[in-house]
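Structure first, commentary second.
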Amino acid sequence: MIAIRTVDIRNDFKRVSNLVKSGEKVLIARPRNENMVVLSEKEYNALDKARRNAEYLAKIDRAVERVAEGRVIVKTMEELEEMAR
């Protein structure tokens, strides 16, 4: 990861975008430690997918816990079919 200042982004955006395009992550150093990171869309999509997968797995874990605690409702196929009518 490369750290640069905001002024450097303004002065040399093309070079910075080429770095990002080649797979480099760029940290933009800002006052009061309000830094930002620039990364490629492909890398962002991969991170977002990992976040969504983690949320989904957490939901599955919560459901498994509920089953283990016996907090479920059991219905037969006939009962479900009756409910659908």
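The values are calculated or read from the model by the stated rules, or taken from the named source; none is laboratory data. Note that the coordinates shown come from a computational prediction; the quantities given were computed from them, not determined experimentally. Positions of Cβ are backbone-derived with ideal geometry, glycine not excepted, and every protein chain shown enters the neighbour counts. Ligands, DNA and RNA are excluded from the accessible area calculation, which covers all protein heavy atoms including side chains. Shrake-Rupley method; radii C 1.70, N 1.55, O 1.52, S 1.80 Å.
Yes/no per residue for (1) of a type outside the set (A, V, I, L, M, F, W, C); (2) open to solvent by 100 Å² or more (accessible area, probe 1.4 Å); (3) in contact (Cβ under 8 Å) with a residue 24 or more places away in the chain:
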{"site": "L19", "(1), (2), (3)": "no, no, no"}
{"site": "L27", "(1), (2), (3)": "no, no, yes"}
{"site": "L47", "(1), (2), (3)": "no, yes, no"}
{"site": "A54", "(1), (2), (3)": "no, no, no"}
{"site": "E69", "(1), (2), (3)": "yes, yes, no"}
{"site": "V72", "(1), (2), (3)": "no, no, no"}
{"site": "A84", "(1), (2), (3)": "no, no, no"}
| message | Can you say whether A58 is within 23 Å of the chain's Cα centre (by Cα), small (G, A, S) and part of a helix (DSSP H, G or I), as far as the supplied structure shows? | response | yes
| Given the residues D48, D8, which is the only one that is assigned to a helix (DSSP H, G or I) and within 19 Å of the chain's Cα centre (by Cα)? | D48
